[in-house]
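Quick notes on the structure that follows.
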Amino acid sequence: TDKYVFILPDRLNAKPLCLLCHKSLSVLKEYNIRRHHTKKHQTFGAQFPKGTSERASKVQSLLASYNRSSSTISTGKSNCGLSTCVIDVSKEETALHRLKLLKNV
């Protein structure tokens, strides 16, 4: 986690996930993870050099943020009560749904 700021989520068929941009990579190979980190997040290494307490603190913060968001999604899915439940609804769909509700009133 500290080296390239990636994690492997704790779920079936998980793919490596970048904690900085939340992008998943298709293959769990160090070369792919290193290439993503060096190409997409060049300034992260300069702002938070390896081995510093600032970097460790930032990584822990990103990891805690990921854990909070993933537990919220899991809780939302389990409270849904449906076999399939969509948590992420786009703004457009939400707006359309609200318009339909207003028309029915």
- [ ] Apply the Karplus parameterisation 6.51 cos²θ - 1.76 cosθ + 1.60, with θ equal to phi minus 60°, to every residue of region 12-19 and state each ³J(HN,Hα) to the nearest whole Hz, in sequence, with x for glycine and proline.
- [x] 5, 6, 5, 10, x, 10, 7, 6
Open item on the list: Given a 1.4 Å probe and heavy atoms of the protein chains only, how would you sort T38, T52, largest accessible area at the top?
Closed with: T38, T52
- [ ] Compute, for R11, the solvent-accessible surface of its heavy atoms (probe 1.4 Å) with the complete set of protein chains present, and express it in square angstrom to the nearest 10.
- [x] 140 Å²
Task: In Å², nearest 10: area of K39 left accessible to a 1.4 Å probe - done: 140 Å²
Open item on the list: Starting from 0.36 nm per residue, how many nanometres of slack lie between S69 and L12 once their C-alpha separation is accounted for?
Closed with: 18.7 nm
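The values are calculated or read from the model by the stated rules, or taken from the named source; none is laboratory data. This is a predicted model, so every value here is computed, not measured. Each accessible area value is taken on the protein alone, full model and side chains, heavy atoms only, with ligands, DNA and RNA left out. Shrake-Rupley method; radii C 1.70, N 1.55, O 1.52, S 1.80 Å.
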